[in-house]
Amino acid sequence: MSGIEQVFSGLTILFVILICGANANSDTNICIEATDNCPNEYIKLYFYTNKIKDDPVEISEDSIKTIQFEMASNLKILIHGVKGSRDDEFNKLLRNAYFSQGKYNIITIDYHPLATSLKCYDVAVRNLPIIAKCITQFLVAILEKHDQFQYVHAIGFSLGSQIAGLVGKLLKEKNKNLNRVTGLDPALPYFEYTWNNLDENSATVVDIIHTNCGFLGQVLPIGTVDFYANGAITQPGCADNKYWYFCSHAKSYMYYAESIYHGRTMSGFYATTSSSLNQLSFLGGFSSFPRLSILVGEYLDPEIKGVYSFITNDSPPYAQGNTRIQELIKRFLSYFK
């Protein structure tokens with residue numbers, strides 16, 4: 001598919017989202033608009049550790065008092081997108097990746113009844129403030145009851161990224177703080193240029209992975225650091241997919257999950273500095289400086305800021321590693337042959 005065809009296709013997708021959402025308003029049995037109360041029957045939080053990864057605890061005002069957290073200083077919060085749930089691919093991939101690497105405390109948010117389908121997207125957006133409010137209320141209670149957490153990290157996909165961004169801002173109003181928010185291809189419709197919830201003020205570190213710019217995901221840099229994968233429009237392995245935009249959108253969390261497995265090794269995802277935002281082209285991708293390699297994903301250096309690009313393979317393992325460092329090592333070793 002050519003760049004021009006992608007642009008027109010993207011406009012069609014956004015048009016369908018807006019029209020379907022408008023039609024959905026007339027059928028409240030399908031698209032639920034949440035009442036402004038917390039706890040809320042449509043917004044659930046589930047707590048996982050390595051020991052209870054298959055039998056999570058539903059978080060409530062009572063269970064917070066008795067939850068047995070792992071003796072780890074970090075807390076991960078996972079927030080899905082439209083059509084998602086606590087056991088969707090996004091959540092399963094990330095939870096499995098974390099638990100394979102060590103002991104973690106993970107809270108998965110499930111607001112599926114409020115965002116069941118794409119045709120309910122505009123209703124889901126209207127529900128976003130109450131979803132964020134209820135999540136914040138529980139997190140404040142947890143952080144006040146359990147003082148072990150020194151690092152709180154929220155990871156959101158699509159609309160979940162926008163929710164995570166707002167949670168970070170609401171926590172600040174309560175004198176709490178998210179140490180990091182990771183936005184995985186943050187949702188575009190209704191947000192860019194209007195009332196973006198996720199930005200550099202949402203947490204101390206806000207890292208963004210863009211994979212479907214201009215269609216389902218946002219275009220402009222919004223974090224303390226933004227990474228654009230493969231030109232950030234169509235991802236490798238998705239071009240021939242009928243639903244290439246959904247395929248490309250989902251690659252954001254697939255790349256992130258894989259980054260957890262790679263750790264801080266040279267086999268992970270590495271990005272190069274982009275010279276400026278102007279280097280982003282819907283038809284040609286990025287031009288970049290090849291001199292600097294930055295690790296992308298879970299093990300990001302929190303001091304890194306700016307706009308970066310990286311490339312991936314079209315199937316797992318997606319990461320191509322730090323090819324520049326690997327090449328230097330090969331050259332160094334060649335001198336001793």
What are the residues in segment 45-55 that are closer than 18 Å to residue 135 by Cβ and surrounded by fewer than 20 Cβ atoms within 10 Å (Cβ to Cβ), if any?
46
The number of residues in segment 168-190 that are of a type outside the set (Lys, Arg) and within 15 Å of residue 223 (Cα to Cα) is 11
May I ask you to list the residues in segment 74-94 that are touching a strand residue (DSSP E or B) at 6+ places or on another chain (Cβ under 6 Å), more than 15 Å from residue 131 (Cα to Cα) and open to solvent by 10 Å² or more (accessible area, probe 1.4 Å)?
74
Based on this model, can you work out whether residue 311 counts as within 22 Å of residue 213 (Cβ to Cβ), open to solvent by 70 Å² or more (accessible area, probe 1.4 Å) and modelled with pLDDT of 55 or more?
yes
What residue, among those in segment 277-308 that are within 21 Å of the chain's Cα centre (by Cα) and among the hydroxyl-bearing types (Ser, Thr, Tyr), is modelled with the highest pLDDT?
299
The lone exception for residue 95 - which of (1) touching a Gly at 6+ places or on another chain (Cβ under 9 Å); (2) at pLDDT 95 or above; (3) among the basic types (Lys, Arg) it fails:
(1)
Selection within segment 227-246 - of a type in the set (A, V, I, L, M, F, W, C) and touching a strand residue (DSSP E or B) at 6+ places or on another chain (Cβ under 7 Å):
227, 229, 232, 233
Is there a residue in segment 268-276 that is at pLDDT 85 or above, open to solvent by 50 Å² or more (accessible area, probe 1.4 Å) and under 21 Å from residue 180 (Cα atoms)?
no
Which pairs do you get when a residue that is in contact (Cβ under 8 Å) with a residue 40 or more places away in the chain and of a type in the set (S, T, N, Q), found in segment 173-197, comes within reach of a residue that is crowded, with 22+ Cβ neighbours inside 10 Å and part of a strand (DSSP E or B), reach meaning Cβ atoms under 7 angstrom, with the pair 6+ apart or on two chains?
182/155; 182/207
Hits in segment 112-134 - residues which are aromatic (Phe, Trp, Tyr) and within 11 Å of residue 163 (Cα to Cα)
none
With respect to residue 332, is the statement that it is more than 21 Å from residue 212 (Cα to Cα) and either modelled with pLDDT of 65 or more or open to solvent by 70 Å² or more (accessible area, probe 1.4 Å) (or both) true?
yes
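The values are calculated or read from the model by the stated rules, or taken from the named source; none is laboratory data. Not measured: the values here are computed from a predicted model. Every residue, glycine among them, receives a Cβ derived from its backbone with ideal geometry; neighbour counts consider all protein chains shown. Note: accessible area is taken over every heavy atom of the protein model, side chains too, but ligands, DNA and RNA are not part of it. Shrake-Rupley method; radii C 1.70, N 1.55, O 1.52, S 1.80 Å.
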